[in-house]
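Structure record follows, encoded as structure tokens.
The values are calculated or read from the model by the stated rules, or taken from the named source; none is laboratory data. Since we're looking at a predicted model, the values are computed, not measured. Neighbour counts run over all protein chains shown; Cβ positions are idealised from the backbone, glycine included.
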Amino acid sequence: MQPDHVRIFDTTLRDGEQSPGATMTSSEKLEVAKTLSRLGVDVIEAGFAAASPDDLRAVKTIAEAVGVTGVEGRPVPEPPTICSLARAHTSDIDKAAEAIAPAKHGRIHTFLATSPIHREHKLRMSRDEVLAKITEMVSYARTFTKDIEFSPEDAGRTEMDFLYEALQAAIEAGASTLNIPDTVGYTIPNEFGERIAMIRQNVPNIENVVISVHCHNDLGLAVANSLCAVQNGARQVEVAVNGIGERAGNASLEEVVMALHVRRDLYDITTQIDTTQLTRASRLVSKVTGMVVQPNKAIVGANAFAHEAGIHQDGMLKHEETYEIMRPETVGAGKTQLVLGKHSGRHAFANRLAELGYAASGDGLDKAFARFKKLADKKKHITDADLVALVSDELHQPKEYWRLEKIQVGCGTGMPTATVKLTGPDGRTQIAAEVGTGPVDAVYKAIQSLVHVPCTLLEYTVQSVTEGIDALGEVSVRVSPEDGDRSPDKINPQYQHSRARVFHGHGAHTDVIVASAKAYIAAINRILAIREAQQDNEAAGSAA
């Protein structure tokens, strides 16, 4: 192995499956294994063969299906090494050897605890007995394969002098990889990195083996500890997709890989991972384990490449690197999302409208943006459909003769009532209350009592623009003024039988009653706009 290359050892199928509720079926394990191979991991720890007959079959199936030739799309020609965990018992090692036998590259990973608390309370063995057991079991495993990995369990809490002895015993017995596990996530980065450096300095023949690390996330430091270990000479990192695993989980594969990728200037280290497969792998593991990825999860979370703050969106529109240190395409995440919400600015809002085909500017943009802000205060997630409804409502509204200020309704099995507050053409605010057969009928009667534009409601349509209980409601109405222009050339063919001109109105709001009122007022404003235009034309004709 090149000194500037780090092996990625994936334990999603072994340690990851030990997460409560994350048990996978054999077919699901095989699907994940194929995805890991396509991702380009060096070693797949496919399971713990001695745990059950099903585990043994699963590991063996993976060895046969993935460990012989790899899978199509794998970024390197050699198939991944297929590994099985085994306690320091001959029966465990026998089953591990059987399970990995079909693989072109098979590995047995055996372990024995070395910390004082484990020696005293779990193993009830002395130092000398532990060293003898390491020598015996590594030597036994070596009779099946030359690729043997040994882990001194709870190395993070093991005395350094004894840790050196344990590792030396494993090397002398034939181990080719020495894994240093922070089994309980106890160490902090500088401390863990120093342990790796001291091991390199004090263990004889350490240069002939690969130093690996396996960090748990109990203090949220698994990735940081792993990276610090790499800086100090570790050349294999044990990880799991989405960071799943015992208790708080393991170091996250995608975070370790992308940290090494993005900060090559610092680490000068490579992996053979195809980073464009990271998001796909994350989603698959989430699906088969039922463990949902948190939205703010680094690299693969739903919000990892989403920007809502106006300052951030403005910077992103000017140059991506202002707020993104990697491109979403690099990890297979599609494209950057400028999420429109209450923190968004005009620049991002106008840009998204342009993408949707709406060229808003000046006063029209100001009004649409103001309405957007009001909607964002009520609705957590603003979708493109919301924007289309909102902007269409704003940009296509007629001149405002009457404007809705406030509305209050009461409904049920009694008498539906509505109180509306409107601002009229003269700028004065007026209030009216009416009773109707339902809340919308009451609202329309209250509006009519103020505007005095008699008309007949021909059509009323309401629909939800988006999903969810906070969905934007969109209402469309068609009305015919009772004193409408009956000229044959101005009759809408759809309503020829009414012999009246038809006007439409549109309204959008998270409250469908408010949307209904806005739609009705919009239709009335169109009627008034036509009347005003006709009067102007008549006045111009008289003057001529």
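Observations
- Screening the candidates V435, V388 for the property of being among the aliphatic types (A, V, I, L, M) and modelled with pLDDT of 90 or more yields one hit, V435.
- Residue in the stretch 146-163 that is in a helix (DSSP H, G or I), of a type outside the set (D, E, K, R) and surrounded by fewer than 19 Cβ atoms within 10 Å (Cβ to Cβ) present: yes
- Condition met for P79 (without any contact (Cβ under 8 Å) to a residue 24 or more places away in the chain and over 25 Å from I134 (Cα atoms)): no
- Subset tally (residues that are over 20 Å from F111 (Cβ atoms) and either in a strand (DSSP E or B) or touching a strand residue (DSSP E or B) at 6+ places or on another chain (Cβ under 8 Å) (or both)) for the stretch 180-221: 2
- The requirement of being closer than 21 Å to S212 by Cα and outside any loop (DSSP other than H, G, I, E, B) is satisfied by S139.
- For the stretch 232-254, the set of residues classified as assigned to a strand (DSSP E or B) and either not assigned by TED's automatic domain parsing to the domain that holds F150 or not charged (D, E, K, R) (or both) consists of Q236, V237, V239, A240, N250, S252, listed by residue number.
- For beta carbons closer than 7 Å, sequence separation of 6+ or different chains, a first residue in the stretch 96-110 that is in contact (Cβ under 8 Å) with a residue 40 or more places away in the chain and within 10 Å of C83 (Cβ to Cβ) and a second that is outside any loop (DSSP other than H, G, I, E, B) and acidic (D, E), the qualifying pairs are R107/E149; H109/E45; H109/E149.
- In the stretch 267-295, residue nearest to R38 (Cα to Cα) [restricted to those that are out of contact with any helix residue (DSSP H, G or I) (no Cβ under 8 Å at 6 or more places or on another chain) and part of a helix (DSSP H, G or I)]: R283
- Residues being touching a residue at least 60 places away in the same chain (Cβ under 8 Å) and buried (at least 24 other Cβ atoms within 10 Å of the Cβ) - total across the stretch 195-223: 2
- Pair list, Cβ under 6 Å, 6 or more apart: the stretch 287-300 residue modelled with pLDDT of 80 or more, other residue of a type in the set (D, E, K, R) and buried (at least 20 other Cβ atoms within 10 Å of the Cβ): A298/E255; I299/E254; I299/E255; V300/E254
- Condition check for S226: without any contact (Cβ under 8 Å) to a residue 60 or more places away in the chain, buried (at least 23 other Cβ atoms within 10 Å of the Cβ), closer than 20 Å to F9 by Cα and of a type in the set (S, T, Y): yes
- Whether a residue is part of a helix (DSSP H, G or I) and modelled with pLDDT of 95 or more was assessed, and V257 passes this test.
- Within the stretch 438-482, tally of residues that are among the basic types (K, R) and either over 23 Å from G424 (Cβ atoms) or at pLDDT below 90 (or both): 1
- Single residue of E78, E31, E72, E45 found to be closer than 23 Å to T271 by Cβ and surrounded by 24 or more Cβ atoms within 10 Å (Cβ to Cβ): E45
- Residue count for the stretch 154-173, restricted to those that are at pLDDT below 95 and charged (D, E, K, R): 2
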